[in-house]
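Worksheet: the structure to be examined is printed underneath.
The values are calculated or read from the model by the stated rules, or taken from the named source; none is laboratory data. Here the structure is a predicted model, which is why all the values come from computation and not from measurement. Cβ placement follows ideal geometry from the backbone for every residue including glycine, while neighbour counts extend to all protein chains displayed. Calculation scope for accessible area: heavy atoms of the full protein, side chains included, ligands and nucleic acids excluded. Shrake-Rupley method; radii C 1.70, N 1.55, O 1.52, S 1.80 Å.
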Amino acid sequence: MSGQMTSKISLKIAGMSCASCVAHIETALSNLKGVSKAQVNFAAQKAQVEYDPERADLQQIARAIEDVGYEVVPDELSLSVFGMRSAHCEGVVKEGLENLPGVARVEPNSSTETASVWYHAGIVSPAEIKETIRDLGYDVEEKLEGRAALDREREARQRDIRHQGFWMLVSWPLAFLIMLGTFREYWILPEFVPEFLGDKFTLFVFTTPVVFGPGLQFFINSWRGLKHGVTDMNLLYATGIGAAYLIGVVNTFWPDAGFGGEKAVFFESAALLTAFIVLGKWLEALTRGRTSDAIRRLMALQPKIARVIRKGKEIELPADEVLVDDLVIVRPGERIPVDGVVIEGYSAVDESMLTGESMPVEKKTGDQVIGGTMNKTGAFRFRATKVGRETALAQIIHLVEEAQASKAPIQKLADKVAGHFILWVHVLALSVFFFWFFVGYWRFFDPQSTFLLTPYALGEIGVFGFAILISISVLVISCPCAVGMATPSAMMAGTGKAAEHGVLFKGADAIEATSKLDAIIFDKTGTLTKGEPSVTDVIVAQGFDLSSAEGSKFKVQGLEGEKAVLLLAAVAEKNSEHPLGEAIVRGAKERGLEVPDADRFDSIPGHGVEAEWQGRKILLGNRKLMKERGVPFEALLSQAEALENDGKTAMLVAAEGKPAGIIAVADTLKDYSVEAVEELHRLGLEVLMITGDNRRTAEAIARKVKIDRVLAEVLPQDKAEKVKELQATGKRVAMVGDGVNDAPALAQANVGIAIGSGTDVAKETGHVILIKEDLRDVVVAMEVANATMRKVKQNLFWAFSYNVASIPIGAGLLYPFFKLVVSPELAALLMAVSSLSVTLNTLLLKRFAPTLKREKALPGKTPSLEPSFAGHGSEIRRR
Amino acid sequence: METRTASAVDKNTLRLSALCYTGTSLTVVVLFVALGQIVGGYPTPAVIGGAIWSFILSMIVTMPLYTSYFRRRRMR
């Protein structure tokens, strides 16, 4: 069939479960207009389609497949796009790639200079995608991971610094000479500056290498973008520099052409404009890497070498070659290469770089060690449990990278503005040119007035020169670099800062949401409390003494009072599997008591236990049990009630039919619960507690921690509903809980904070993950989020203020009133300063320290929130 | 049977959009020159310079607009 044109594509298809699916898809495709042939391969899960591109396209083909219940799966390509540093550049890359047939989706990220591209391999290849990005003016490479990515990124940045630094060396001395030459007739300069320097041909000779050396990059990059139908900031620079230079050339060689004559050569505008823009680029390259210091530091923790025992021999090998179950040796001062469990030896390990915990942590047999942490004092061996991408460090790096690559809602507005800005700036430059050419010049022009930073009396440059210079100033002064980098730079610094303290935000949206919270709900068990009951009080009945001859017939000497009562209870509960019984036995052992087996043990369901030891009877249980057995307990009842009002479970102990005392057992508060809640109150949050416990017990705990409101007797499956109810009152709610058990509530909350995930961060639900089980990190998360959002708002304020204020000034708004108008070179300086001020403001975030840690560091202040470390005579935290 | 790649279709789109943005930019130039004549009193080089500058800026504004519009239309 002559004249028919066809294209062939190969598509990956998901969802085919049997051979009949092949027929479904083939029929759906064959029915599509323009499709001449469709062949589906079930084994390869692929469809080959021949179609007429004038009558069908990829979207229609994909839709036809999806309509019959299958999915067209694009391949994903992760790329490092060097030079893509603004929201506008993101738009350039996105638009450039989306115009490429076969590209399904593009997600660029200027803050990390990366892009994820989803494409159909049958239509477009990774090589074509990369070539398109190069054509757009960016260097591109497939994204590397870990240390290789770190090295590559540093290398690229240093190359950029060297490159722009070299152009600075070229442009600034020449620009300085050009400026001296241009201003030669003013002030005292005629005495020092030789006459030839002021000659317009000398100025031409000096300016040309500036424009075609350092300035050439802007022309090349803007042309590449234009070829693909996209405009970028390089175009602003190129049109500004190009126009100033061209007018200079015309007025130098053809002074009678009518563009202002030989007195208006504008070479200093072209040269200084180039020099200032190159300065801005150089400063940007210098500071760009600083906001991502945290991730760089995390990556630098990955050790290169591991010492492993294989076939009975100790060998050194690259850390990424360690296998699960390898036996790894770590000596003092060495970094631990992978995650594992200590099987021999003892040491203290500095985990501060991963968890934010300032004290070294004691490690002995059975303890977990984390790859990347620093072994301090002793040597030990451990069995590798997680290697490569599975290690905690790799997971943390991945999470932080993901967070830094994500976008906060506030960023979307800035991106939208910056993304369409360039086009509107050119529209504005054209309108401004029209205005000053046709209206402004005639109505407001004063021949004696001058541009700021130029020597010309404006009368010399004529209507065209006047209008075009204002138009150029608008182009240069309007550059939205600062708007584009305001949010992502602060988010990168914020997520990095949080990670340093063991707080992982899963995305920039999590930071923004955390900064807007009204209320925070803590799960009680396992979050505010330790989650396992322990003995809190032992009360001895008056007159009871286990060791006295009269008080007891037990053959235990030297025990009296509380220890005696506890021993009796522990003996009775020794074989019990009840959590309260286990708590009593554990409590006795913790107090140094040896707990012998009872001779006989009976559980009395719903009441307690009855045991026989050394031929004597022990009873442990509730009031009902004591009443039934006729034990006179009236004297102790008021104390039992007081304990119960405090949320504790009071158990009565009797020996030989006589009251011995009361043992109170309760779930105890975690360290720092009170301090954390206090700080959250200080931050203005309402603090709630949610629990399945009865109201009395829950309120007793709440009183201790100073919780504002208690949600008691809530079944686990109803927790999410309670969060929803609170949200319905208009509050933005955070839920703090166990990432696994409280997953639905964490997901329902505006911010789910999973606490104490330890090293398995990837499995956690929640928007924020706290590596340690330290409730103070909830406060750290809030403070980091607040500080980051403050920085974002400050940056956006400065950036938008700059543009809002500078564009009208650049457009000549002040001229009718004050006869002042900004020269292009001053516009370039202002533009560079605005970007620099945003970057420097962001870098101030590096000085941020959470309140609790700052208080600890104050000289002379008692570190009241720091745990006390007894036992080793050194500051080692026991786990 | 003649086989034509997607890039050939793309070239057609680019040609069509080039025609449109060049046409629009020339219209702006005509408008500029006409206004110059109406207001009057401009030296010819100023009008020529202004026309060139207007053409460059108009091209920069309309080129991406038309290109992406026609590409989107083709994809639909």
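Worth pointing out:
- Failed criterion for A:Lys719 (all others in (1) farther than 25 Å from A:Ser515 by Cα; (2) outside any loop (DSSP other than H, G, I, E, B); (3) of a type outside the set (Phe, Trp, Tyr) hold): (1)
- Among the residues of the range A:477-484, some residue qualifies, meaning at least one is open to solvent by 10 Å² or more (accessible area, probe 1.4 Å), touching a helix residue (DSSP H, G or I) at 6+ places or on another chain (Cβ under 8 Å) and away from chain B (no Cβ under 14 Å).
- Residue check for B:Met63: hydrophobic (A, V, I, L, M, F, W, C), touching a residue at least 24 places away in the same chain (Cβ under 8 Å), under 30 Å from A:His88 (Cβ atoms) and more than 7 Å from chain A (Cβ to nearest Cβ): no
- Selection count where residues are under 19 Å from A:Lys363 (Cα atoms), assigned to a strand (DSSP E or B) and of a type in the set (D, E, K, R), scope the range A:309-340: 2
- Remark: B:Ser54 matches the filter, which requires a residue to be modelled with pLDDT of 90 or more, within 7 Å of chain A (Cβ to nearest Cβ) and assigned to a helix (DSSP H, G or I).
- Enumeration of residues in the range A:95-112 that are within 14 Å of chain B (Cβ to nearest Cβ) and either among the polar types (S, T, N, Q) or touching a residue at least 60 places away in the same chain (Cβ under 8 Å) (or both): A:Glu95, A:Gly96, A:Asn99, A:Gly102
- One residue from B:Tyr21, B:Tyr42 being modelled with pLDDT of 85 or more and at the interface with chain A (Cβ under 7 Å from one of its Cβ atoms): B:Tyr42
- Given (1) more than 30 Å from A:Thr851 (Cβ to Cβ); (2) open to solvent by 60 Å² or more (accessible area, probe 1.4 Å), number of the condition A:Lys386 does not satisfy: (2)
- Considering residues of the range A:162-183 that are open to solvent by 40 Å² or more (accessible area, probe 1.4 Å) and modelled with pLDDT under 85 only, the residue nearest to the chain's Cα centre (by Cα): A:Met179
- A:Ala785 vs. criteria modelled with pLDDT of 90 or more, open to solvent by less than 30 Å² (accessible area, probe 1.4 Å) and in contact with a strand residue (DSSP E or B) (Cβ under 7 Å, 6 or more places away or on another chain): no
- Filter pass, A:Ala306 being at pLDDT 85 or above, out of contact with any Lys or Arg (no Cβ under 9 Å at 6 or more places or on another chain) and not in a helix (DSSP H, G or I): yes
- Taking the criterion of being open to solvent by 10 Å² or more (accessible area, probe 1.4 Å), assigned to a loop (DSSP other than H, G, I, E, B) and not acidic (Asp, Glu), the residues of the range A:659-694 that qualify are A:Lys670, A:Tyr672, A:Leu683, A:Gly684, A:Leu685, A:Gly692, A:Asn694.
- Contact map, the range A:811-831: residues that are over 24 Å from A:Ala482 (Cα atoms) and part of a helix (DSSP H, G or I) paired with residues that are open to solvent by 10 Å² or more (accessible area, probe 1.4 Å) and aromatic (Phe, Trp, Tyr), Cβ distance under 8 Å, separation 6+ or inter-chain. Pairs shown: A:Tyr815/A:Phe444; A:Pro816/A:Phe444.
- Condition check for A:Glu713: acidic (Asp, Glu) and under 33 Å from the mean Cα position of the chain (by Cα): no
- Conditions (1) part of a strand (DSSP E or B); (2) open to solvent by less than 10 Å² (accessible area, probe 1.4 Å): number failed by A:Val710: (2)
- Screening A:Gly440 on (1) within 30 Å of A:Ala702 (Cβ to Cβ); (2) among the small types (Gly, Ala, Ser); (3) within 14 Å of another protein chain (Cβ to nearest Cβ) shows it passes everything except condition (1).
For every residue, the table says whether it meets (1) of a type in the set (S, T, N, Q); (2) surrounded by fewer than 18 Cβ atoms within 10 Å (Cβ to Cβ); (3) within 15 Å of A:Ala569 (Cβ to Cβ).
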{"residue": "A:Gly581", "(1), (2), (3)": "no, no, yes"}
{"residue": "A:Glu594", "(1), (2), (3)": "no, yes, yes"}
{"residue": "A:Asp599", "(1), (2), (3)": "no, yes, no"}
{"residue": "A:Ile604", "(1), (2), (3)": "no, yes, yes"}
{"residue": "A:Glu610", "(1), (2), (3)": "no, no, yes"}
{"residue": "A:Asn622", "(1), (2), (3)": "yes, yes, yes"}
{"residue": "A:Glu628", "(1), (2), (3)": "no, yes, no"}
{"residue": "A:Leu637", "(1), (2), (3)": "no, yes, no"}
{"residue": "A:Ala640", "(1), (2), (3)": "no, no, yes"}
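- Qualifying residue in the range A:246-258 (condition: modelled with pLDDT under 70, within 14 Å of chain B (Cβ to nearest Cβ), more than 35 Å from the chain's Cα centre (by Cα) and open to solvent by 10 Å² or more (accessible area, probe 1.4 Å)): yes
- Conditions (1) at pLDDT below 90; (2) open to solvent by 30 Å² or more (accessible area, probe 1.4 Å); (3) not charged (D, E, K, R); number of the one not met by A:Val439: (1)
- Selection from the range A:817-853 of residues that are within 19 Å of A:Val474 (Cα to Cα) and open to solvent by less than 40 Å² (accessible area, probe 1.4 Å): A:Val821, A:Val822, A:Ser823, A:Pro824, A:Glu825, A:Leu826, A:Ala827, A:Ala828, A:Met831, A:Ala832, A:Ser834, A:Ser835
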